[in-house]
Amino acid sequence: MTEVTENRALIVRGEYDLTVPERALIGRGLLLAESLGKKEFTCPILGAKFVLIPAGKFMMGSPENEHDRLDSETLHQVTISKSFFMQTTPVTQGQWQRVMGNNPSYHISYGCDCPVEMVSWNDVQDFIKRLNRQEGTDKYRLPTGAEWKYAARAGTTTRFYLGDNEDDLSRAGWHKGNSGGKTHPVGQKIPNAWGLYDMHGNVWEWVQSWYGVYTPGPEGPISGLKRIACGGSIYSSARDCRSAADRREDPAGHGTFLDDMGFRLLALSIQREIKNDSPEYIQYSDGLKKLIKLGEEKGFVTYDEVNDLLPNDIVTSDQIDEIIEIFFNKNIDIIDTDKGEGAR
Amino acid sequence: MKQPDSLIKQITPEEIELEKKRAELSVLEEELAQKELDLTTLQVNLEYLRQRYLRIVGVRIARLDGIEAQIAEIIARLEPKNEDAQEEADRSRTQAKESANATGSITEEEYETEPFKPSENLKKLYRDLAKKAHPDLAPDEQSRERRHKFMQKVNQAYAEGNEERLRSLLNEWESSPDSVPGEGTGAELIRIIRQIANVHNRIEAIGRELENLKESELYKLKLKIDEVQGQGRDLMSEMADELDAQIAGAETRRRDMIKQVEKMNEAER
């Protein structure tokens, strides 16, 4: 304790001073403390409420005896290592309008509190980018499939978060059996234990995750380039509204009508991390740079070019995903060689 | 000569005024002692918090900043023409240096000091000493200097929670009080009026200093910790856990990146 008085001015007429770096450290601690203490917050731009989803483990997939189960829903344990904030409802038409200045929805006549739809996965990325910029943050993104399903289950293991029956589904959300074929204002049904509404039905919700693995080859791996959506919609049967169910669609929205495709946002509880989660280091390989340059000049690259120029050391599907994401962000299409030649 | 006569004769208007002023000063002494106690207690509490914070949270932030700086460095080296990457590397390096500087020689393993919880006895001793030996109650400049040094010892003993030392300081003071030279009523009146003014000033200054302290980030952190503690949570260790997770994440990223660089170097060869 003698250190106290040696280092500090504990005298009758003393000022208690901290050094500038010390103050900075304490300031950062305060920010951290702020985010730890909070159980919910409201996004000022959207006016949307977000609730804290605690870190934890859950069983992803579905038990073998679950009614309507698909073989692909192999049960496996997933660890969600960090808590995060989840928007309590899907993004509404009004919220989309505030950020993007337009309302692309098909069900536009049912009011701005209905979920936005007719948005592709790529449109959603644009929305998120703008929202982050407008709020001066980088905390918003789509949840991954695992994060979404973990949040939807809120600890339950039944088909729906309120139980196993269609009645349970009807109390939780709008599906084929009760929607009347139209979307409904968000937040009207019973939320799950973590306060999330419309996790079953109303609109399918895009998530961050890719479906399948990109396999370079002459056949063209277009079927591997799909993003996942969860939760089912106003057109879905009970089977597709199950917590374990999902749907795979082209991120640009090709080949499907998007009038029941929406999304909700995840907000990181600690802002710092996302900045470094971006795969910047991949961007710097020479082959990739050439590829991007080529794509920027032409507006597209062919799969052959991708296969020729991609660095040999990029092998995992995650890394491929990230590269493809870079292309999407730069509006560079990846197309089949044949089509590419045909366009010329 | 009858006693009452002589008494009545002795009480001059100055003496009546002097009595009033003595009473006024005595009330102010109480207030001053209490204020000094409040201020010192808050300072010691904040100092305890500062040390604990730097040891538990500060070193982790510094470690995280160090890793982030290394990552930024690698990116900058991979992309020598990217100005953003260079800037980010510079910024990260500076940040890491500052955080390391702020945590200085503190290591996490350092022994845990006890939180400062002064006993009523300790507080009373402090107040007694402040009333007797406060520099603003000094009769003259020379004594003021001496009292100033003495109060530093008192503050130190108080900060250490050392009752025994405070008691011995009290004895020490009482055996050698300020020698007030024989002075007339007028001179004493003037001295007390000055003391009252000094004490007023000091009480105001303490008020300002307390205000300043309460606006500091450190104090806000203290409020936060106290508030959360009321809910049965330990904010400091929650922060440490969160930072540990972030450090682990950053370590993984750094390792991945180094692997990536190695592979690229191999490919170039």
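For B:LYS131, work out the one condition from (1) more than 9 Å from every other protein chain (Cβ to nearest Cβ); (2) at pLDDT below 90; (3) surrounded by fewer than 19 Cβ atoms within 10 Å (Cβ to Cβ) it doesn't fulfil.
(2)
Among the numbered conditions (1) open to solvent by less than 70 Å² (accessible area, probe 1.4 Å); (2) in contact with a Leu (Cβ under 8 Å, 6 or more places away or on another chain), tell me where B:LYS220 comes up short.
(1) is the only condition that B:LYS220 fails.
Against the condition at pLDDT 90 or above and crowded, with 17+ Cβ neighbours inside 10 Å, how does B:ALA85 come out, does it pass?
Spelling it out, it is not the case that B:ALA85 is at pLDDT 90 or above and crowded, with 17+ Cβ neighbours inside 10 Å.
Which condition breaks for B:ARG208 when tested against (1) open to solvent by less than 80 Å² (accessible area, probe 1.4 Å); (2) within 12 Å of another protein chain (Cβ to nearest Cβ)?
Going through (1) open to solvent by less than 80 Å² (accessible area, probe 1.4 Å); (2) within 12 Å of another protein chain (Cβ to nearest Cβ) one by one, B:ARG208 breaks only (1).
If you check B:GLN95 against the conditions, is it within 11 Å of another protein chain (Cβ to nearest Cβ), open to solvent by 30 Å² or more (accessible area, probe 1.4 Å), within 19 Å of B:GLN246 (Cα to Cα) and part of a helix (DSSP H, G or I)?
In short, yes.
Which one is farthest from the other protein chains (Cβ to nearest Cβ), of the residues in region B:216-240 that are assigned to a loop (DSSP other than H, G, I, E, B) and more than 20 Å from the chain's Cα centre (by Cα)?
The residue in question is B:GLY232.
Restricting attention to region A:176-203, which residues are surrounded by 19 or more Cβ atoms within 10 Å (Cβ to Cβ) and touching an Asp or Glu at 6+ places or on another chain (Cβ under 6 Å)?
A:VAL186, A:VAL203
Just checking, which of B:LEU189, B:LEU213, B:LEU243 is under 30 Å from B:LEU137 (Cα atoms) and facing chain A (nearest Cβ under 8 Å)?
B:LEU213
Right, A:THR42: within 25 Å of A:VAL203 (Cα to Cα) and either surrounded by fewer than 16 Cβ atoms within 10 Å (Cβ to Cβ) or free of Cβ contacts under 8 Å to residues at least 60 places away in the same chain (or both) or not?
Against the criterion (within 25 Å of A:VAL203 (Cα to Cα) and either surrounded by fewer than 16 Cβ atoms within 10 Å (Cβ to Cβ) or free of Cβ contacts under 8 Å to residues at least 60 places away in the same chain (or both)), A:THR42 qualifies.
Yes or no, residue by residue, for (1) assigned to a loop (DSSP other than H, G, I, E, B); (2) open to solvent by 20 Å² or more (accessible area, probe 1.4 Å); (3) at pLDDT below 95:
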site: A:GLN77; (1), (2), (3): no, yes, yes
site: A:LYS82; (1), (2), (3): yes, yes, yes
site: A:PRO90; (1), (2), (3): yes, no, no
site: A:GLN97; (1), (2), (3): no, yes, no
site: A:PRO104; (1), (2), (3): yes, yes, no
site: A:VAL119; (1), (2), (3): yes, no, no
site: A:VAL124; (1), (2), (3): no, no, no
site: A:LYS129; (1), (2), (3): no, yes, yes
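The values are calculated or read from the model by the stated rules, or taken from the named source; none is laboratory data. Note that this is a predicted model, so its numbers are computed, not measured. We place every Cβ from the backbone using ideal geometry, glycine too, and count neighbours over all the protein chains shown. Accessible surface areas use protein heavy atoms only, side chains included; no ligands, DNA or RNA. Shrake-Rupley method; radii C 1.70, N 1.55, O 1.52, S 1.80 Å.
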